[in-house]
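Asks: Mind looking over this structure? Questions follow.
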Amino acid sequence: MQTYLVGGAVRDRLLGLPVRERDWVVVGAHAGDLEALGYQRVGRSFPVYLHPETKEEHAMARTETKTGPGYRGFEVRADETVTLEEDLGRRDLTINAIAEDEDGQLVDPYGGQRDIDARVLRHVTDAFREDPVRILRVARFAARFADQGFSVADETLDLMRAMVDDGEVDALIAERVWKETQRALGERRPDVFIEVLRQVGALRVIYPEVDALFGIPQTERWHPEIDAGVHVMMTLRVAAELNATPEARFAVLVHDLGKGTTPADLLPSHIGHEERGVGLIETLCERIGVPNRYRRLAILVARYHGVCHRAAELKPKTILKVLEALDAFRNRAMLDDFLIACEADARGRTGLESRPYPQAEVFRNALTAAAAISAQDVARDGLSGPAIGEAIRRARISAISAATGAGRD
């Protein structure tokens, strides 16, 4: 029985990155051997055990043979005859197929160290094509390591395109699509995730609403980059630079979906795209099971981002309407996410990436002023029932007007 450190822990150490978790593979052991040593089995599809002291995952070396479509169509063999090289050979990328023995010596049969040095994401073997989830994973790793100069190898891109053409991506289940997307949104360059998917043709299958934006013209006065898809990628990159939450990054990704359905005779204008986009967001979220907290923010950003951009000219009652729609009086974080998404949208344009966004301060000042108004402030006037609510609303409008300099209705 031999134990090896594998995967991300080895890769990240070689890259000089912090190692957040460690995974191990066990070679030459029976399941009973591990159980006798106090390991606790947790894996259902294949043998994975928790170390009795460290609680780190130890998986028995295994091979996987394709038996059907999708990522579930595999036959797994995990026993004492499976070699370390066989186990590493079933992994996705060479940089993830490096092992380290108990003496600190590296085992690298597929050239992972070479590809780390060359900053290349390359598939290990042709078995890569057997699992369509790997298309999403490669795109996610490209998003994680883009700032370190990594790019996807040409032959790996070709293989991913062939998988798309063969219909493998059609077999992906919604849960896996969303899980990988959610993780990619948290990476340093989430825009690269979308670009890689588009490059291999997977975006039009997984997110056709986003893919439809590329090639759609916008008015140059407001969008010097012209292309609506390019704008969304720029906006997503700005959102990451602003350290936006994953929820806000998702909202940015889908905020302009309505532009993909603008009638051709109206281009490059996109009047009404905000409300058209709401229906598309609902469809997309339903299809892949996007959590409600992501869905709700995305809809609000799609509906009101144009309003937010005009903060300086809004009437106080319009500002209050947006604050109420965001439930900002009870959930300040929702307003913060909304404003950072709107700022990313304003700055995700060629030549405007560094411009300030004072509109955010208008809304923050408005919320502070309006939130200071309470029922006690108006109850002394002898009001009761619905009249109190209306009085609070009028007082909040006046407070917003005083705090922001907005004109009175």
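The values are calculated or read from the model by the stated rules, or taken from the named source; none is laboratory data. This one's a predicted model, so the numbers in the text were calculated from it and none came from an experiment. Note that each Cβ is placed from the backbone with ideal geometry, even for glycine, and that neighbours are counted across all protein chains shown.
Asks: Since R137 meets every condition but one in (1) of a type outside the set (A, V, I, L, M, F, W, C); (2) within 16 Å of R188 (Cα to Cα); (3) without any contact (Cβ under 8 Å) to a residue 40 or more places away in the chain, which condition does it not meet?
Replies: (3)
Asks: Quick one: which of K321, K317 is in a helix (DSSP H, G or I), in contact with a helix residue (DSSP H, G or I) (Cβ under 6 Å, 6 or more places away or on another chain) and over 12 Å from A360 (Cβ atoms)?
Replies: Details: K321 fails: in contact with a helix residue (DSSP H, G or I) (Cβ under 6 Å, 6 or more places away or on another chain).
Answer to the selection: K317.
Asks: Out of A162, A127, A153, A118, which single residue is in contact with a Leu (Cβ under 8 Å, 6 or more places away or on another chain) and surrounded by fewer than 23 Cβ atoms within 10 Å (Cβ to Cβ)? Walk me through it before giving the result.
Replies: On the way: A162 fails: in contact with a Leu (Cβ under 8 Å, 6 or more places away or on another chain); A127 fails: in contact with a Leu (Cβ under 8 Å, 6 or more places away or on another chain); A118 fails: in contact with a Leu (Cβ under 8 Å, 6 or more places away or on another chain).
Going through A162, A127, A153, A118 in turn, just one is in contact with a Leu (Cβ under 8 Å, 6 or more places away or on another chain) and surrounded by fewer than 23 Cβ atoms within 10 Å (Cβ to Cβ): A153.
Asks: Of the residues A328, A366, A344, only one is under 26 Å from the mean Cα position of the chain (by Cα), crowded, with 21+ Cβ neighbours inside 10 Å and farther than 14 Å from L300 by Cα; which? Steps first, answer last, please.
Replies: Numbers: A328 fails: farther than 14 Å from L300 by Cα; A366 fails: under 26 Å from the mean Cα position of the chain (by Cα).
On inspection, the qualifying residue turns out to be A344.
Asks: A further question on this structure: Six or more apart or on different chains, Cβ under 7 Å: which pairs go from a residue in the range 9-38 that's within 23 Å of R114 (Cα to Cα) to one that's surrounded by 13 or more Cβ atoms within 10 Å (Cβ to Cβ) and basic (K, R)? Could you list them?
Replies: Note: pairs meeting the criteria are A9/R22; V19/R13.
Asks: I'd like to know if the range 84-93 contains one or more residues that are outside any strand (DSSP E or B) and in contact with a Pro (Cβ under 7 Å, 6 or more places away or on another chain).
Replies: Initial filter on the range 84-93 (outside any strand (DSSP E or B)): 84-92.
Remaining after also requiring in contact with a Pro (Cβ under 7 Å, 6 or more places away or on another chain): 85, 88.
Looking for residues that are outside any strand (DSSP E or B) and in contact with a Pro (Cβ under 7 Å, 6 or more places away or on another chain), one finds at least one in the range 84-93, hence yes.
Asks: So which of D158, D103 ends up being in a loop (DSSP other than H, G, I, E, B) and more than 29 Å from N243 (Cα to Cα)? Reasoning before the result, please.
Replies: Values: D158 fails: in a loop (DSSP other than H, G, I, E, B).
Checking each option against the conditions leaves just D103.
Asks: Run down R72, R62, R44 and say which single residue is modelled with pLDDT of 80 or more and either touching a helix residue (DSSP H, G or I) at 6+ places or on another chain (Cβ under 9 Å) or surrounded by fewer than 18 Cβ atoms within 10 Å (Cβ to Cβ) (or both). I'd like the intermediate steps shown before the answer.
Replies: Values: R72 fails: modelled with pLDDT of 80 or more; R44 fails: modelled with pLDDT of 80 or more.
Checking each option against the conditions leaves just R62.
Asks: Can you tell me which residue within the range 212-224, out of those that are within 15 Å of T235 (Cα to Cα) and touching a helix residue (DSSP H, G or I) at 6+ places or on another chain (Cβ under 7 Å), is surrounded by the most Cβ atoms within 10 Å (Cβ to Cβ)? First the steps, then the outcome.
Replies: Filtering the range 212-224 for residues within 15 Å of T235 (Cα to Cα) gives 213-214, 218, 222-224.
Filter again for touching a helix residue (DSSP H, G or I) at 6+ places or on another chain (Cβ under 7 Å), leaving 213-214, 218, 223.
Details: L213: 22, F214: 17, Q218: 24, H223: 20.
Taking the candidates together, the pick is Q218.
Asks: Sort out which residues of the range 260-278 are surrounded by 15 or more Cβ atoms within 10 Å (Cβ to Cβ) and outside any loop (DSSP other than H, G, I, E, B), and write them in order of number.
Replies: Within the range 260-278, G260, T261, H273, E274, R276, G277, V278 qualify.
Asks: Given the criteria out of contact with any Cys (no Cβ under 9 Å at 6 or more places or on another chain) and in a loop (DSSP other than H, G, I, E, B), does V290 qualify?
Replies: Working: out of contact with any Cys (no Cβ under 9 Å at 6 or more places or on another chain): yes; in a loop (DSSP other than H, G, I, E, B): yes.
Yes: the conditions hold for V290.
Asks: Give the residue, chosen from L34, L15, L5, that is buried (at least 18 other Cβ atoms within 10 Å of the Cβ), under 21 Å from L121 (Cα atoms) and out of contact with any Gly (no Cβ under 8 Å at 6 or more places or on another chain).
Replies: Values: L34 fails: under 21 Å from L121 (Cα atoms); L15 fails: buried (at least 18 other Cβ atoms within 10 Å of the Cβ).
Matching residue, one of L34, L15, L5: L5.
Residue-wise test of (1) at pLDDT 95 or above; (2) farther than 16 Å from A346 by Cβ.
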{"site": "H223", "(1), (2)": "no, no"}
{"site": "R249", "(1), (2)": "yes, no"}
{"site": "L257", "(1), (2)": "yes, yes"}
{"site": "T262", "(1), (2)": "no, yes"}
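Asks: Check the range 189-209 and report whether any residue there is more than 24 Å from A153 (Cα to Cα) and of a type in the set (A, V, I, L, M, F, W, C). Give the steps one after another, and end with the answer.
Replies: Of the range 189-209, the ones more than 24 Å from A153 (Cα to Cα) are 208-209.
Filter once more, so that each one left must be of a type in the set (A, V, I, L, M, F, W, C): none.
So far as the range 189-209 goes, no, none of its residues is more than 24 Å from A153 (Cα to Cα) and of a type in the set (A, V, I, L, M, F, W, C).
Asks: Here is a further query. Just one of (1) under 16 Å from V254 (Cα atoms); (2) touching a residue at least 60 places away in the same chain (Cβ under 8 Å); (3) surrounded by 18 or more Cβ atoms within 10 Å (Cβ to Cβ); (4) out of contact with any Leu (no Cβ under 6 Å at 6 or more places or on another chain) trips up L197, so point out which.
Replies: L197 satisfies every listed condition except (4).
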